[in-house]
1. Given the options I100, I282, I159, which has the most mean-square fluctuation in a GNM of the chain, springs set between C-alpha atoms less than 10 angstrom apart?
2. Given the pairs K187/K209; K124/K209; K57/K124; K124/K187; K319/K341; K57/K102, which span a C-alpha to C-alpha distance of over 25 angstrom in this model?
3. Going by accessible area, probe 1.4 Å, with all protein chains left in place, what is the ranking of W21, W222, largest first?
4. Is the shape of segment 113-229 rounded, prolate or oblate, going by the alpha carbon gyration tensor and its root eigenvalues a ≥ b ≥ c, with a/c under 1.5 for rounded and a/b larger than b/c for prolate?
5. Remind me, relative contact order of segment 131-204 in percent, using alpha carbon pairs under 8 angstrom and six or more residues apart?
6. Can you give the local net charge around T279? Use residues other than it whose beta-carbon is closer than 15 angstrom to its beta-carbon, Lys and Arg +1, Asp and Glu -1.
7. Could you run the Karplus curve 6.51 cos²θ - 1.76 cosθ + 1.60 with θ = phi - 60° over segment 145-158 and give me ³J(HN,Hα) per residue in whole Hz, x for Gly and Pro?
8. In the neighborhood of A48, defined by Cβ-to-Cβ distances under 12 Å, what is the net charge if each Lys or Arg adds +1 and each Asp or Glu adds -1?
Amino acid sequence: TDHVHGARVALVNSGDQTAQWDLILGASSDIGANTSPITLTIVQDTSAGTTTLTVNKNSITTEEIQFTSTFTSGGDLFLFLGIDDAGAATETFQLNGVQITKNQCNPAGPIDYDGESEVILDQKGEWSAIYGVGETCEGRGLIELSIDVTATSSQADLILGFGTESNYFAVFNPYDGGMCVPCTGDKQTGTLFVTPPRGAALRSPDAGKTTTTQYGATDDTWGARVALVNSGDQTAQWDLILGASSDIGANTSPITLTIVQDTSAGTTTLTVNKNSITTEEIQFTSTFTSGGDLFLFLGIDDAGAATETFQLNGVQITKNQCNPAGPIDYDGESEVILDQKGEWSAIY
């Protein structure tokens, strides 16, 4: 533009400045001080068709500023820096650096998690992330997973699934002190729930579904709470392990799952540890599909309109041991369990 007010006019396509420059903070805010840095946080969600901005400077953070479209697909992104060029005087700034402090892209669908990146869990209608653990064990297998995850929203209930694409168990754990499952009717309130219930076989997805797609297998407003129990009775199928008074519902990390599968006994046993609290053994009466790949599934409670969010910082396989049927051909240095009946446990 050739307008005397320069970029103020040009950047709103020569439109009405009052209407097009949205006043976010008034003259009394200290965000107008000459201090550094200024931080922009931009979240783009192509599935929702929104772009959200927050600005922080001088310890002041704006509320979320949301726009109703996203950036052009496949384009390069740039930060542009300029001065107010209205009038005759020239304003000047000293630019000392720009740092990209976060740069994360969660593609549509669950994140294929690498075990170490920092990612946000916030998907509704599907798992947020899936982490490959390895193959099922033909014999007695022990797997221990340490999951570094914390809530970043005030309401936050984490769902963890474990299994193959054809059978699984799921753990429901609040990070805000407590939760209800279900929240209507025959209501249960607590801090740790599992499905299937103790003493039952591992769950299978609905016909035509996999464990990956089962999370979203309902249109019910209660979302995954309903889908992961195959639309069955929530009170009966979400087994209350620890009540509302347990500190396992705190927003702390890590949460650790220890899974022992024994194909000869036909059992899978789970223990959960978080915040120095360890559950009793939770035993199911079947094992994972032979020859299948095992996965850790991570999701949020997607009931209702609000979106809960978690920061996932890492997953570590702290133990992974498979004792096949028959004596172990021992290598002299591995940690193994001697527990075979009717035969030698190990031969060296």
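1. Result: I100 has the largest fluctuation of those listed.
2. Going by Cα-Cα distance, K187/K209; K57/K124 fall outside the 25 Å limit.
3. W21, W222
4. Note, shape of segment 113-229 comes out rounded.
5. Over segment 131-204, the number comes to 24 percent.
6. So the surrounding residues net to -3.
7. 10, 10, 10, 8, 8, 9, 6, 10, 10, 5, 9, 7, 10, 8
8. For residues surrounding A48, the net value is -1.
The values are calculated or read from the model by the stated rules, or taken from the named source; none is laboratory data. Fair warning: this is a prediction, and the values are worked out from it, not measured in the lab. Cβ atoms come from the backbone with ideal geometry, glycine included; neighbour counts cover every protein chain shown. The protein model used for the area step is the full one, side chains on, heavy atoms only, and it has no ligands, DNA or RNA in it. Shrake-Rupley method; radii C 1.70, N 1.55, O 1.52, S 1.80 Å.
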